[in-house]
Amino acid sequence: MPRLEAMACGTPVIVSNTSSLPEVAGDAGMLVDPYDTEMMAWYMEKLIIDTELHREYSQKGLMRAEKFTWDNAADVVLGIYKSLG
């Protein structure tokens, strides 16, 4: 949820490339090995210095976050229930 909240606010995200985080972030997040602190620092510096990259990931995040609404989640769950019965 914190990553989606950040993206919904237009904040670019750097996320771990493990577990479900790549699925959540999609192409709207910068994926990094959680143990590669040098790469994390490089991404952070890049987002601070490169305003165009910052703007790009901000826009991608806003669009990606729109796909994760409570209404969409309810529709998915309802569809599953309907398929079972």
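The values are calculated or read from the model by the stated rules, or taken from the named source; none is laboratory data. Everything quoted here is computed from the prediction, not taken from an experiment. Methodologically, a virtual Cβ is constructed for each residue, glycine included, from the backbone with ideal geometry; neighbour enumeration extends over all protein chains shown.
Observations
- Residue 64 vs. criteria among the basic types (Lys, Arg) and touching a helix residue (DSSP H, G or I) at 6+ places or on another chain (Cβ under 6 Å): yes
- The set of residues from segment 51-73 being outside any helix (DSSP H, G or I) and within 16 Å of residue 22 (Cα to Cα) comprises 67, 68.
- Residue identified as modelled with pLDDT of 95 or more, in contact with a Leu (Cβ under 9 Å, 6 or more places away or on another chain) and either surrounded by fewer than 11 Cβ atoms within 10 Å (Cβ to Cβ) or among the aromatic types (Phe, Trp, Tyr) (or both) among 57, 35: 57
- Residue under evaluation residue 48, criteria (1) modelled with pLDDT of 95 or more; (2) out of contact with any His (no Cβ under 9 Å at 6 or more places or on another chain); (3) of a type outside the set (D, E, K, R); (4) part of a helix (DSSP H, G or I), criterion not met: (2)
- When segment 24-45 is filtered for residues that are of a type outside the set (Phe, Trp, Tyr), over 11 Å from residue 64 (Cα atoms) and part of a helix (DSSP H, G or I), the ones remaining, listed by number, are 37, 38, 39, 40, 41, 44, 45.
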